[in-house]
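Chemist: Pasting in a structure now, in structure tokens, and then I'll have a few things to ask.
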Amino acid sequence: MTEDALPLPALPACPKLSRLFRLQYESVQEAWVLLYPEGMVQLNQSAAEILRRCDGRRQLADIASELETLFQVEGIRPQIDALVQEGVRRGWLS
Amino acid sequence: MAGSAETPAPPAPPPGPPLWLLAELTYKCPLHCVFCYNPIDYGRFQPELTTREWVDVLTQARALGAAQLGFSGGEPLLRDDLEELVAEAHRLGYYTNLITSGVGLTEKRARALKDAGLDHVQLSFQDSTRELNDFLTHTRTFELKQRVAALIKAHDWPMVMNCVLHKHNLPHVDKIIEMALALGAEYLELANTQYYGWALQNRAQLLPTRAELEAAEAVVQGYRERIGNRCRLLFVVPDYFEERPKACMNGWGKVFLSIAPDGTAMPCHNAGDLPGLDLPNVRQQSLASIWRDSAAFNAFRGYGWMQEPCSSCDEKEKDFGGCRCQAFLLAGDARAADPVCSKSAQHEQVVQIVRRAETPQPISQPLVFRNDAESRRLSAARTIQD
């Protein structure tokens with residue numbers, strides 16, 4: 001594998017939220033948040049919908065098709081890949 | 001809560017929710033650390049809240065929006081109702097952090113805390129060597145901490161190790177990192193001593209030189225590049241070596257709410273040392289009114305309280321003028337710019353303190369260990385000088 005040659009590092013086939021993080025809805029913030037030791041990240045709606053589906057069972061394609069149906073849009077796979085990549089970089093996903 | 005139809009508009013927009021609740025369950029502690037950040041006069045924060053009162057605090061804060069909850073102290077394991085409070089916090093939906101020295105964390109209590117839903121344990125170490133760990137805490141706790149670290153891993157908690165850094169252990173930072181890696185910590189907080197309270201008493205002995213600090217930082221950076229995400233290394237430089245102040249508490253009364261053992265509510269855990277601040281108590285007032293309306297929580301909210309150079313500074317929204325406690329301790333005025341800032345008229349003081357650390361000084365006083373006798377002595381004197 002020559003990772004340098006690829007535009008993106010390999011993404012997990014079935015991304016899974018790390019056990020160090022907890023995803024929950026906070027009604028006061030009206031937002032989903034990621035909670036981890038002594039920290040919290042507020043998520044926007046699309047990030048939250050993607051991360052909620054990162055259960056280690058769904059494939060990226062499954063997540064994309066579910067969200068395309070939910071939001072009645074097409075071609076959101078690149079957006080999902082980008083967020084998953086960022087999630088891997090930050091240690092949220094593996 | 002409308003009083004009358006003609007209630008005047010509030011002067012500032014209402015504050016956002018207190019996202020972070022620090023529950024300082026007790027100031028009792030088996031350790032006697034020379035850099036303890038508890039108030040010097042910790043004895044006055046009594047009597048401690050009962051279990052029921054704490055549950056009420058947790059419930060109120062959760063309703064206000066608090067999501068992160070730290071159980072701290074002193075040593076929170078000295079409270080035998082810790083498991084009960086964790087269970088209640090878990091039920092309320094908090095992410096629960098136990099911030100501990102490890103003393104008192106037995107297999108039995110670890111299991112009970114796991115069952116109660118505790119999310120994470122932060123374990124403090126004072127050094128990678130038994131000699132220094134035990135000397136700085138005035139205890140024999142080094143091996144115990146190693147056992148507790150194994151217990152934390154056995155219960156599958158994420159483990160943050162915290163090591164307060166200063167002149168004496170900065171040269172061991174590589175060994176401290178190796179220890180954290182060997183014990184399986186997911187995060188290592190290398191927090192340089194900040195000079196408040198007990199640490200301020202010991203500043204002459206604890207403040208490193210700039211070269212010592214930079215050498216340690218380079219070691220940390222080298223490890224970061226090698227270990228990647230395996231363990232996140234946080235290295236917090238002492239304020240005194242900066243040119244701009246930290247955004248202390250992310251802004252006064254903005255996201256952080258600390259409750260002292262007796263129910264005193266504080267916008268920062270050092271706020272008890274600020275003069276003229278009438279700190280509210282959960283025994284007398286609801287948390288909502290404390291957070292939104294109390295004079296103490298509004299004292300440094302927004303920008304109206306600022307003096308020059310802060311009030312016209314284009315960075316004020318970034319750092320909020322720095323730390324109010326440091327402004328008071330160094331400039332004698334809690335409304336002044338934090339003297340760490342190079343724009344402060346008092347900045348030269350900080351420069352001089354750092355410069356003095358460059359030349360070995362004859363030791364003029366022994367290290368002051370945090371204990372009841374020293375607390376009484378210092379509280380009686382209450383003169384904090386260079």
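The values are calculated or read from the model by the stated rules, or taken from the named source; none is laboratory data. Just so we're clear, the structure is a prediction, and the values are computed from it rather than from any experiment. A quick note on method: Cβ atoms are made from the backbone with ideal geometry, for glycine too, and the neighbour counts reach across all protein chains shown.
Chemist: Among the residues of segment A:22-72, write down those that are in a strand (DSSP E or B), among the hydrophobic types (A, V, I, L, M, F, W, C) and within 25 Å of B:V160 (Cα to Cα). Break it down into steps so the answer makes sense when it comes.
Modeler: First, pick out the residues of segment A:22-72 that are in a strand (DSSP E or B): A:22-26, A:31-36, A:39-42, A:55.
Subsequent filtering for residues that are among the hydrophobic types (A, V, I, L, M, F, W, C) retains A:23, A:31-35, A:40-41.
Correct list: A:L23, A:W32, A:V33, A:L34, A:L35, A:M40, A:V41.
Chemist: Output the residues belonging to segment B:181-195 that are farther than 25 Å from B:T209 by Cα and in contact (Cβ under 8 Å) with a residue 24 or more places away in the chain. Write out each step before concluding.
Modeler: Applying the first criterion (farther than 25 Å from B:T209 by Cα) to segment B:181-195 yields B:181-187.
Passing the criteria: B:L181, B:L183, B:G184, B:A185, B:E186, B:Y187.
Chemist: Oh, and also: Just a yes or no: is a residue in segment B:102-116 within 14 Å of chain A (Cβ to nearest Cβ) and without any contact (Cβ under 8 Å) to a residue 60 or more places away in the chain?
Modeler: yes
Chemist: Also, I was wondering about something else. Scan segment A:32-48 and tell me whether some residue there is of a type in the set (A, V, I, L, M), in contact with a Phe, Trp or Tyr (Cβ under 6 Å, 6 or more places away or on another chain) and away from chain B (no Cβ under 11 Å).
Modeler: Step one: list which residues in segment A:32-48 are of a type in the set (A, V, I, L, M), which gives A:33-35, A:40-41, A:43, A:47-48.
Right, trim to in contact with a Phe, Trp or Tyr (Cβ under 6 Å, 6 or more places away or on another chain) and you get A:34-35, A:43, A:48.
Checking which are away from chain B (no Cβ under 11 Å) leaves us with A:43, A:48.
Yes - at least one qualifying residue is present in segment A:32-48.
Chemist: Condition first: buried (at least 17 other Cβ atoms within 10 Å of the Cβ) and assigned to a helix (DSSP H, G or I). Can you find one or more residues in segment B:339-346 that meet it?
Modeler: no
Chemist: Shifting gears a bit: Just name the residue that is farthest from the other protein chains (Cβ to nearest Cβ) out of those in segment B:17-33 that are in contact with a Lys or Arg (Cβ under 7 Å, 6 or more places away or on another chain) and modelled with pLDDT under 95. Walk me through it before giving the result.
Modeler: To start, the set of residues in segment B:17-33 that are in contact with a Lys or Arg (Cβ under 7 Å, 6 or more places away or on another chain) comprises B:25-26, B:32-33.
Restricting the remaining residues to those that are modelled with pLDDT under 95 gives B:32-33.
Working: B:H32: 25, B:C33: 20 Å.
Among them, the one singled out is B:H32.
Chemist: I would also like to ask the following. Restricting segment B:117-154 to residues that are in a loop (DSSP other than H, G, I, E, B) and free of Cβ contacts under 8 Å to residues at least 40 places away in the same chain, which is surrounded by the fewest Cβ atoms within 10 Å (Cβ to Cβ)?
Modeler: Applying the first criterion (in a loop (DSSP other than H, G, I, E, B)) to segment B:117-154 yields B:117-119, B:126-129, B:138-141.
This time we only want the ones that are free of Cβ contacts under 8 Å to residues at least 40 places away in the same chain, so: B:117-119, B:140.
Details: B:G117: 15, B:L118: 22, B:D119: 21, B:R140: 10.
If we take residues in segment B:117-154 being in a loop (DSSP other than H, G, I, E, B) and free of Cβ contacts under 8 Å to residues at least 40 places away in the same chain, then B:R140 is surrounded by the fewest Cβ atoms within 10 Å (Cβ to Cβ).
Quick grid of which residues meet (1) in contact with a strand residue (DSSP E or B) (Cβ under 6 Å, 6 or more places away or on another chain); (2) outside any loop (DSSP other than H, G, I, E, B):
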residue	(1), (2)
B:L22	yes, yes
B:P30	no, no
B:V34	no, no
B:G43	no, yes
B:D56	no, yes
B:T59	no, yes
B:R62	no, yes
B:L69	yes, yes
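Chemist: When you check B:Q284 against the structure, is it within 23 Å of B:G16 (Cα to Cα) and outside any strand (DSSP E or B), yes or no? Outline the logic, then answer.
Modeler: Details: within 23 Å of B:G16 (Cα to Cα): yes; outside any strand (DSSP E or B): yes.
Yes, satisfied.
Chemist: Within segment B:266-281, track down each residue that is of a type in the set (D, E, K, R) and in a loop (DSSP other than H, G, I, E, B). Let's see the steps before the verdict.
Modeler: Kept after step one, since they are of a type in the set (D, E, K, R), are these residues of segment B:266-281: B:273, B:278.
Residue satisfying the conditions is B:D278 alone.
Chemist: Oh, and also: For segment B:42-81, how many residues meet the condition of being more than 28 Å from A:S27 (Cβ to Cβ), crowded, with 17+ Cβ neighbours inside 10 Å and of a type in the set (D, E, K, R)?
Modeler: Looking only at that region, the number is 3.
Chemist: In segment B:216-248, what residues are assigned to a helix (DSSP H, G or I) and within 14 Å of chain A (Cβ to nearest Cβ)?
Modeler: Quick first cut of segment B:216-248, residues assigned to a helix (DSSP H, G or I) only: B:216-230, B:239-241, B:248.
Across segment B:216-248, the qualifying residues are B:R224, B:I227, B:G228, B:N229, B:R230.
Chemist: Quick check on segment B:153-195: of everything there that is over 22 Å from A:G39 (Cα atoms) and among the small types (G, A, S), which residue is nearest to the other protein chains (Cβ to nearest Cβ)?
Modeler: Going through the qualifying residues, I end up with B:A154.
Chemist: Let me ask something else. Inside segment A:30-56, can you point out the residues that are closer than 22 Å to A:P12 by Cα and among the small types (G, A, S)?
Modeler: A:S46, A:A47, A:A48, A:G56 - these are the residues of segment A:30-56 that are closer than 22 Å to A:P12 by Cα and among the small types (G, A, S).
Chemist: Take the residues of segment B:269-284 that are within 15 Å of B:I40 (Cα to Cα) and of a type in the set (A, V, I, L, M, F, W, C): which is surrounded by the most Cβ atoms within 10 Å (Cβ to Cβ)? Let's see the steps before the verdict.
Modeler: As a first pass, look at segment B:269-284 and keep what is within 15 Å of B:I40 (Cα to Cα): B:269-275.
When the remaining residues are screened for being of a type in the set (A, V, I, L, M, F, W, C), the result is B:271, B:274.
Values: B:A271: 25, B:L274: 20.
Ranking the qualifying residues of segment B:269-284, first place goes to B:A271.
Chemist: Can I ask one more? Would it be correct to say that B:L213 is within 14 Å of chain A (Cβ to nearest Cβ), crowded, with 20+ Cβ neighbours inside 10 Å and either in a helix (DSSP H, G or I) or not small (G, A, S) (or both)?
Modeler: On the way: within 14 Å of chain A (Cβ to nearest Cβ): no; crowded, with 20+ Cβ neighbours inside 10 Å: yes; either in a helix (DSSP H, G or I) or not small (G, A, S) (or both): yes.
For B:L213, the condition - within 14 Å of chain A (Cβ to nearest Cβ), crowded, with 20+ Cβ neighbours inside 10 Å and either in a helix (DSSP H, G or I) or not small (G, A, S) (or both) - is not met.
Chemist: Oh, and also: Residues that are in contact (Cβ under 8 Å) with a residue 60 or more places away in the chain, within 14 Å of B:Y195 (Cα to Cα), surrounded by 23 or more Cβ atoms within 10 Å (Cβ to Cβ) and out of contact with any Ser or Thr (no Cβ under 6 Å at 6 or more places or on another chain): does segment B:311-321 have at least one?
Modeler: No, segment B:311-321 contains no residue that is in contact (Cβ under 8 Å) with a residue 60 or more places away in the chain, within 14 Å of B:Y195 (Cα to Cα), surrounded by 23 or more Cβ atoms within 10 Å (Cβ to Cβ) and out of contact with any Ser or Thr (no Cβ under 6 Å at 6 or more places or on another chain).
Chemist: Among the numbered criteria (1) over 21 Å from B:V220 (Cβ atoms); (2) assigned to a loop (DSSP other than H, G, I, E, B), which one does B:Q194 miss?
Modeler: With respect to (1) over 21 Å from B:V220 (Cβ atoms); (2) assigned to a loop (DSSP other than H, G, I, E, B), B:Q194 is out only on (1).
Chemist: I'd like to verify a number: residues in segment B:321-330 that are at pLDDT below 95 and over 16 Å from B:N270 (Cα atoms), how many?
Modeler: Of the residues in segment B:321-330, 0 are at pLDDT below 95 and over 16 Å from B:N270 (Cα atoms).
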